[in-house]
Structure formats: C-alpha cells, structure tokens
Protein chains: 6
Amino acid sequence: MANPSSSKAKIRTVAPKLFELIEGTVYGDLWQRELLCRRDRSLITLAALIAMRQTDQMRSHFEKALDNGITAEEIGEMITHLSIYAGFPAAISAALVAKPLLVERGLIAEDAAS
Amino acid sequence: MANPSSSKAKIRTVAPKLFELIEGTVYGDLWQRELLCRRDRSLITLAALIAMRQTDQMRSHFEKALDNGITAEEIGEMITHLSIYAGFPAAISAALVAKPLLVERGLIAEDAAS
Amino acid sequence: MANPSSSKAKIRTVAPKLFELIEGTVYGDLWQRELLCRRDRSLITLAALIAMRQTDQMRSHFEKALDNGITAEEIGEMITHLSIYAGFPAAISAALVAKPLLVERGLIAEDAAS
Amino acid sequence: MANPSSSKAKIRTVAPKLFELIEGTVYGDLWQRELLCRRDRSLITLAALIAMRQTDQMRSHFEKALDNGITAEEIGEMITHLSIYAGFPAAISAALVAKPLLVERGLIAEDAAS
Amino acid sequence: MANPSSSKAKIRTVAPKLFELIEGTVYGDLWQRELLCRRDRSLITLAALIAMRQTDQMRSHFEKALDNGITAEEIGEMITHLSIYAGFPAAISAALVAKPLLVERGLIAEDAAS
Amino acid sequence: MANPSSSKAKIRTVAPKLFELIEGTVYGDLWQRELLCRRDRSLITLAALIAMRQTDQMRSHFEKALDNGITAEEIGEMITHLSIYAGFPAAISAALVAKPLLVERGLIAEDAAS
C-alpha cells in the first residue's frame with residue numbers, strides 16, 4: 001500500500017540527497033517538533049497538497065492523517081472547506097483520491113458511483 | 001461517459017456538503033444566472049481549468065462546452081490562445097484531453113499520432 | 001494609464017526578443033485570428049490571469065475587455081463565476097484590481113469601502 | 001486595519017453576488033459548521049493561502065488565526081512546516097506578511113531587520 | 001518512446017496553429033538561438049516544468065536534457081535543489097518521472113522499490 | 001539593497017527554525033554541493049521562481065545570478081525562453097523585476113518606458 005516511506009524509497013537511486021533530506025530534515029526533524037502536534041501537521045500538509053492540486057502524493061498523506069487521529073468525516077469537511085479557498089475542482093480531485101482509501105478502511109460505504 | 005454529474009456523484013459519500021454546494025450553489029444557482037450566457041461560462045471555466053492545469057476535470061467541461069455551442073475549431077483556437085498566457089505545456093495537456101472526445105464525436109479525424 | 005502596450009514597452013531593453021514575440025506572435029498574429037472574436041479572447045485571457053492569480057497584469061486586460069465590449073456587470077459576474085473554479089481569494093484579488101478601473105470609468109459608484 | 005470583512009466590503013460594488021456568497025455560504029454557513037473547529041479551519045485556510053502564495057489576502061487570515069487561538073509560535077512553526085511542502089519562497093513570503101502583525105500585537109519583538 | 005515531437009504530432013488535428021507555433025516559434029526559432037546554449041535551455045525548461053508540477057510533459061524533456069549533455073547525477077541534483085524552491089512533493093513527483101527513463105538507459109540501477 | 005540574506009534575516013523572529021534551515025540546509029549545504037555549479041543553481045532557481053510567478057523574491061536571486069556569472073543578456077534570454085513554458089505574463093512580470101537591477105548596475109540603458 002502506498003505510503004510516504006514507499007515514495008521516499010522509490011526516489012533513493014535517482015536523488016540520494018533528496019532521500020536523505022526527507023529522512024532527516026522532514027521526518028526526522030520537522031515532523032518530530034512539538035510546537036505543532038502531528039494532527040495539526042497532517043491538517044496543514046493536506047491543505048497545502050490540496051491547494052497545489054498535487055494529487056499524486058495525497059494518498060499517503062490521507063493515510064497519515066487517519067493515523068494521526070483525523071476522522072473520515074473531518075477529511076470530508078476539510079476538503080469541503082478548501083473548495084472555497086482553492087476552488088471546487090481542487091476539492092473534487094482530492095475527494096476522488098480520498099474515497100478509495102476511506103472505502104478500503106470501511107470508514108464510508110461503497111456506492112454505485114465509485 | 002465522464003461528465004460533471006458523475007464526478008459530483010462520486011464524491012457524495014466522501015464530502016456530502018461539497019456535493020450539496022455543487023448541486024445547489026454551482027449548478028443550481030451560478031450557472032443559471034443570466035448575466036453571462038452558458039457559452040461564456042463554458043469559455044471561462046475551461047480557460048481557468050487550462051491555466052490551472054487541472055487535466056483530470058477538463059473532459060466533462062469540454063463536453064459541456066460542445067453542448068453549449070462551442071465548436072471543435074473554437075476549442076482548438078482557445079487552447080492555442082491560452083498557450084501564450086498559461087504556457088505551451090498547459091495548452092498541450094489540454095489538447096491531449098480534448099482530442100479523444102473530439103474524435104469520438106466525429107468532430108476531428110482520427111490520425112496515426114493519436 | 002497602464003495598458004498592455006506599456007508593459008510591453010517597458011521590457012523591451014531587458015528582453016528584446018520577448019518584446020518582438022509579443023508584438024508579432026501575440027498581438028500581430030494570434031489576437032487577429034478570426035476563429036475567436038476579440039470579446040471571447042478577452043474573456044479567456046482574463047479567466048486565465050484570474051485563475052493564475054497574476055494580479056500585476058490584470059489591469060490592462062480589464063481595460064482591453066471593456067474596449068472589446070464586455071460590460072462592468074459581466075466583469076463582476078465573470079469574477080463571481082471563477083470564485084468557484086479558482087477559489088474565492090483569486091476572485092477577491094481580481095475584483096480589487098478591477099474596482100478602481102471601473103470607478104475611474106464611471107461604470108460603478110465610488111463607495112466608502114474603496 | 002485589514003480584515004476579511006473589509007476585503008469583502010470593498011468588492012461589493014464590483015461583484016455583488018460574490019459578496020453575497022462570501023457573507024452567506026462562506027462565513028454564514030461553512031465557517032459555522034461544527035465538523036471542524038474554527039482553529040482547524042484557520043490552520044487549513046492559511047496553509048492553502050501559503051501554498052498558493054496568495055500573499056495579498058493572508059494578513060486578515062493571520063488575524064483570524066490569532067483570534068481563533070493559534071499562537072504566534074504556532075504560526076511560525078506552521079510556516080516552517082509548509083516550507084517543505086510549498087517551497088521556501090512561499091514560506092518566506094508568508095513570514096514577511098505575518099511579521100508586522102505579530103509585532104503590532106506585541107507577540108514578537110521588533111528587530112533591526114524589520 | 002515519448003518525446004517532444006510525438007506530443008506535438010498528437011495535438012496537430014486539435015489545434016493546428018498551436019502545432020505550427022511549436023514547430024516554428026518554439027523549436028525552429030527560440031531553441032536555436034545562441035544566447036543560451038541547449039544545455040542551459042534544458043535546465044531552465046525542466047526547472048519550470050518541475051516548479052509547475054507538470055509531470056505529464058516532463059519525460060520528453062528529461063530525454064532532451066540527457067541528449068543535451070546533462071548527466072543522470074545532475075538530474076538528481078537539480079531535482080534535489082528544486083525541492084527547496086518548489087517543495088518536496090514537486091521534487092518527488094519529478095524524480096518518479098525521471099526514474100524509469102534513467103533505468104531504461106542504464107544510467108541508474110534498477111532496485112526493489114521501483 | 002535587497003538580497004537573500006536580508007530576507008532571511010527579516011523572518012528570523014517570526015520563524016526561527018525556518019531561518020536555521022535556510023542558513024544550514026539551503027545555503028550551508030545544498031548551494032555548496034559540487035554536483036551542480038553555482039551558475040546552474042542560479043539558472044534553475046530563477047526558472048522555478050519565474051514559473052511560480054514568485055516576483056517578491058526574484059530580485060535577490062537575479063543579483064545572485066549576476067554574481068554567479070550570468071550576463072544581463074542571458075537573463076533576458078532566459079526570461080524569453082520561459083515565456084513559452086510558463087506563459088508570457090510570468091515572463092513579463094520577471095522582466096519588470098529584473099529591469100531596475102540591470103539599469104542600476106549599468107548593464108542595460110535606462111529608457112523612457114521605465
């Protein structure tokens with residue numbers, strides 16, 4: 001299953017220094033700092049990815065968000081809130097990435113439109 | 001076939017309020033207002049999607065544009081015009097989304113490069 | 001008063017070839033093509049600038065839009081429509097650029113909030 | 001002093017329907033919903049604005065964030081976290097908007113570099 | 001194998017004038033000018049595509065970069081450098097596009113994470 | 001005169017960790033690595049800033065580019081090249097930032113349009 005670690009691992013041979021910065025500066029340092037809790041960091045990371053329409057790296061951060069205590073309902077509400085600030089297409093794209101994950105985890109029902 | 005309604009339907013279980021805003025505010029209210037005709041609304045919606053490089057939601061708006069009276073030739077010219085303002089890569093990506101739709105509808109010829 | 005020509009003139013000594021492309025390819029060729037009328041070209045140019053939040057070059061294109069027959073009311077409606085697709089902050093920024101121009105031309109009333 | 005209301009008021013004569021949507025849908029409806037608390041909404045709104053580099057509308061949302069209980073230290077940490085996801089230039093631009101507000105409110109010291 | 005020419009060919013029937021501008025203005029004129037060497041043009045073209053997160057048109061420009069004398073190691077370092085300016089997600093997406101090309105050309109080793 | 005150091009200094013009290021990362025990771029580590037020369041780093045940094053339309057932080061990087069051996073003519077050509085990839089408005093905005101610097105340094109003539 002895709003997660004931040006796996007993306008990280010995949011790019012190691014292409015950009016070894018980038019891999020090292022992700023391991024060290026990003027996950028080893030910034031994400032560990034206590035000035036913002038992990039739930040807050042997940043909220044703002046996802047908000048930034050949604051606003052930048054970076055769909056290809058959202059799935060692993062939605063997983064991380066669930067692991068950091070954000071509920072499926074809060075994910076839906078966050079996406080809805082951001083439709084106002086980043087535009088409805090950005091919000092719809094994000095919802096389409098979140099949906100299969102939330103279905104897989106049994107947090108929302110499968111439906112005919114999936 | 002993909003269309004705005006189907007994307008809308010897909011996100012309903014993830015973000016029910018977003019679904020409601022799309023049904024109500026976007027299609028039920030804004031698109032119905034007479035201060036701009038539907039052809040103008042299609043033109044500016046597509047221009048915005050092309051400029052934001054939001055390829056995953058262009059197909060349904062190209063369909064809508066054809067339904068609102070924009071011709072295949074005008075779509076090509078609009079994309080060409082926007083290459084200047086949003087960059088050639090944005091224009092090329094948009095043309096690659098429009099192409100299979102225009103071929104399916106018999107509005108341009110299939111070719112060896114498709 | 002700022003207009004596309006003046007921006008164009010300002011950059012001539014920095015990037016002479018860019019100046020030449022703007023004079024030749026952009027205004028001398030593309031804007032003259034009849035496949036899209038000038039009103040349509042103004043609509044999509046402005047929509048792209050609004051979606052890209054390129055406020056520093058909007059004023060001259062709002063002027064051009066008025067010259068190409070788009071009314072003050074249509075400008076307001078276009079900005080409102082795009083709030084849905086490009087986000088409310090992009091729309092608000094665009095409205096703040098359009099406002100002094102529309103006031104100067106006597107197309108909307110001056111108000112206490114200006 | 002700039003705040004979301006004042007921007008909103010300024011655009012009323014340009015785009016009256018947009019003003020109505022901001023009053024109604026954005027502040028009257030979405031910001032009132034309890035599925036996300038106001039502190040969370042401020043966090044994600046600011047993260048989106050920072051990621052989109054929409055500096056001209058950040059000031060009022062930094063004010064709102066302070067009013068919603070986010071501390072000056074948390075604002076600094078949020079900006080730092082987002083430097084990783086949205087790039088250092090986006091983070092620096094945001095810090096330059098936040099700084100005079102934080103100084104005015106006596107939350108950080110004035111310094112020689114301001 | 002994807003390359004700039006093939007994308008160009010694909011859009012010819014959709015937007016013939018755009019095709020003509022790409023053949024003429026872009027490759028026939030700008031890329032031939034001696035004020036910047038082709039290696040420099042590849043560097044800045046790729047940097048722009050990475051910063052705009054335009055992944056769907058990167059592959060052919062990575063190929064062009066290799067043809068213009070940029071090494072696999074320099075591609076990795078360029079991506080790493082840009083993680084700072086355009087954000088880590090933009091850099092990771094770019095590395096994931098470059099990787100299969102670099103593996104195919106035998107410039108980096110295949111690995112378990114690919 | 002504005003330069004990367006001064007922006008860096010200004011944000012120190014707002015986001016001390018960000019300041020530390022800029023000093024350490026960005027300038028102390030990445031910019032020192034020999035896999036890309038400083039001229040190449042200036043080219044790609046500027047290309048990214050131009051493509052992201054981050055005008056407020058371009059001036060110091062144009063200065064840095066001149067210090068790293070990029071000529072005024074190459075700056076003009078780089079901006080012209082990027083007009084194709086990032087759009088003409090992005091290129092024009094960049095040229096308007098570069099112009100006063102190039103005039104101040106006596107590298108291009110002052111003109112009536114400035």
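The values are calculated or read from the model by the stated rules, or taken from the named source; none is laboratory data. None of the values given here were measured: they were computed from a predicted structure. Cβ atoms come from the backbone with ideal geometry, glycine included; neighbour counts cover every protein chain shown. Only protein heavy atoms, including side chains, enter the accessible area calculation; ligands, DNA and RNA are left aside. Shrake-Rupley method; radii C 1.70, N 1.55, O 1.52, S 1.80 Å.
Across segment E:1-19, what is the number of residues that are touching a residue at least 60 places away in the same chain (Cβ under 8 Å) and in a helix (DSSP H, G or I)?
Within segment E:1-19, residues that are touching a residue at least 60 places away in the same chain (Cβ under 8 Å) and in a helix (DSSP H, G or I) number 1.
B:T13: at the interface with chain C (Cβ under 9 Å from one of its Cβ atoms) and either crowded, with 19+ Cβ neighbours inside 10 Å or over 15 Å from the mean Cα position of the chain (by Cα) (or both), yes or no?
No: the conditions fail for B:T13.
Taking segment D:16-25 only, how many residues are out of contact with any Lys or Arg (no Cβ under 9 Å at 6 or more places or on another chain) and among the hydrophobic types (A, V, I, L, M, F, W, C)?
Residues flagged as out of contact with any Lys or Arg (no Cβ under 9 Å at 6 or more places or on another chain) and among the hydrophobic types (A, V, I, L, M, F, W, C) within segment D:16-25 amount to 1.
Within the bounds of segment D:76-83, is there any residue that is touching a Gly at 6+ places or on another chain (Cβ under 9 Å), facing chain A (nearest Cβ under 10 Å), part of a loop (DSSP other than H, G, I, E, B) and buried (at least 18 other Cβ atoms within 10 Å of the Cβ)?
The answer is no; no qualifying residue exists.
Would you mind finding the one in E:R105, E:R39 that is free of Cβ contacts under 8 Å to residues at least 40 places away in the same chain and touching a Gly at 6+ places or on another chain (Cβ under 7 Å)?
Of E:R105, E:R39, the one residue that is free of Cβ contacts under 8 Å to residues at least 40 places away in the same chain and touching a Gly at 6+ places or on another chain (Cβ under 7 Å) is E:R39.
Give segment D:84-112 a look and list any residue that's of a type in the set (G, A, S), closer than 23 Å to F:Y27 by Cα and open to solvent by 30 Å² or more (accessible area, probe 1.4 Å), or say none.
D:A112
Going through segment F:54-94 one residue at a time, which ones are out of contact with any helix residue (DSSP H, G or I) (no Cβ under 7 Å at 6 or more places or on another chain) and among the polar types (S, T, N, Q)?
If the condition is that a residue be out of contact with any helix residue (DSSP H, G or I) (no Cβ under 7 Å at 6 or more places or on another chain) and among the polar types (S, T, N, Q), then F:T71 is the only one that fits.
Given C:A65, C:A98, C:A94, which one is free of Cβ contacts under 8 Å to residues at least 60 places away in the same chain, closer than 15 Å to C:L46 by Cα and at the interface with another protein chain (Cβ under 8 Å from one of its Cβ atoms)?
None of the other options fit; the residue is C:A98.
Could you please find all residues in segment F:20-56 being open to solvent by less than 20 Å² (accessible area, probe 1.4 Å), assigned to a helix (DSSP H, G or I) and over 23 Å from E:R39 (Cβ atoms)?
If the condition is that a residue be open to solvent by less than 20 Å² (accessible area, probe 1.4 Å), assigned to a helix (DSSP H, G or I) and over 23 Å from E:R39 (Cβ atoms), then F:L21, F:I22, F:V26 are the ones that fit.
Of the numbered conditions (1) assigned to a helix (DSSP H, G or I); (2) touching a Ser or Thr at 6+ places or on another chain (Cβ under 7 Å), E:I70 satisfies every one except a single condition; which is it?
(1)
Hey, B:Q57 hits all of (1) closer than 25 Å to C:T71 by Cα; (2) within 12 Å of the chain's Cα centre (by Cα) but one; which does it fall short on?
(1)
Residue check: is B:A72 more than 29 Å from F:R53 (Cα to Cα) and buried (at least 23 other Cβ atoms within 10 Å of the Cβ)?
No.
Right, F:S60: assigned to a helix (DSSP H, G or I), of a type in the set (S, T, N, Q) and open to solvent by less than 20 Å² (accessible area, probe 1.4 Å) or not?
When the stated conditions are applied, F:S60 passes them.
Given the options F:A95, F:A47, F:A109, F:A86, name the one that is modelled with pLDDT under 95 and not acidic (D, E).
Just one listed residue meets the conditions, F:A109.
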